[in-house]
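The values are calculated or read from the model by the stated rules, or taken from the named source; none is laboratory data. All values reported here derive from a predicted model rather than from experimental measurement. Here the Cβ positions follow ideal geometry from the backbone for every residue, glycine too, while neighbour counts run over all protein chains shown. For the accessible areas, the whole protein counts, side chains as well, though only heavy atoms, and no ligand, DNA or RNA atoms are used. Shrake-Rupley method; radii C 1.70, N 1.55, O 1.52, S 1.80 Å.
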Amino acid sequence: MPAQFYLGTCYDFGRGVRRNTRVAVSWYGRAAAAGHEVAQYNLALGYRDGAGVRQSCKTAVRWLRAAAEAGYPDAQSDLGFCFHEGAGVKRDLREAARWYLRAARRGLARAQSNLGLCYRDGDGVPRNLRTARRWLARAASAGNRKAKRLLAELEGAPGRSRG
């Protein structure tokens with residue numbers, strides 16, 4: 001299974017072979033079917049973007065869910081985004097926040113930023129500016145520029161806490 005994944009990355013990035021997205025996705029598919037979480041994620045991206053396969057948000061979500069349930073933080077965050085935007089699944093803000101939280105707890109800055117936005121806006125969670133600041137601050141400290149900007153905006157908001 002890892003060999004299939006690595007062969008897929010060789011074709012995906014043209015390492016030692018001529019770059020061929022279709023062949024890359026084929027190898028990712030074999031590794032994904034065997035349970036390789038990063039291959040599942042890469043296959044999901046292929047379906048999401050229509051790279052090497054016919055674009056299908058529903059199929060992308062199926063592979064994102066497999067990788068997310070296996071614990072891959074990038075897939076958890078992207079699955080949260082799908083639920084937040086209703087891409088390939090019915091829009092569900094509570095489910096979006098749940099997946100963002102799982103990835104945020106694993107240290108993924110973009111998930112922390114998105115979770116901060118959920119708390120800021122009350123998307124799928126109770127609106128809580130203190131919690132929004134905490135998640136945005138974590139993302140900002142990890143270098144997430146969007147979170148830095150959003151945190152600065154929140155810090156200028158009326159009724160901000162100082163603790």
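Here are a few things to note about the model shown:
- Taken per residue, the accessible surface of the chain reaches 54 Å², heavy atoms only and a 1.4 Å probe.
- Shape category assigned to region 21-110 from the gyration tensor of Cα positions, a/c cut at 1.5: oblate
- Calculated FRET efficiency for the pair Ala152/Ala70, C-beta based, R₀ 25 Å, to 0.05: 0.10
- Distance from the alpha carbon centroid of region 121-137 to that of region 1-47 works out to 37 angstrom.
- For region 1-76, the relative contact order comes to 23 percent (Cα pairs under 8 Å, sequence separation of at least 6).
- For a modelled paramagnetic label at Asn128, 7 Å from Cα along Cα-to-Cβ, the residues of region 85-115 in reach, with backbone nitrogen under 17 Å, are 94-106, 112-115.
- Cα gyration tensor category, rounded, prolate or oblate, for region 1-55 with a/c compared to 1.5: oblate
- Calculated volume of the Cα convex hull per residue in Å³ (choose from (i) 109; (ii) 204; (iii) 190), label: (i)
- Residues of region 1-18 with amide N under 18 Å of the 7 Å Cα→Cβ point at Ala33: 1-9
- Take every pair of alpha-carbon atoms less than 8 Å apart whose residues are at least six positions apart; their mean separation over the length of the chain yields a relative contact order of 11 percent.
- Based on DSSP H segments of at least four residues, each scored -39500 (n - 2.57), the chain has a per-residue ellipticity at 222 nm of -22000 deg cm²/dmol.
- Ordering of 51-59, 95-103 by burial proxy (mean other Cβ atoms within 10 Å per residue, highest first): 95-103, 51-59
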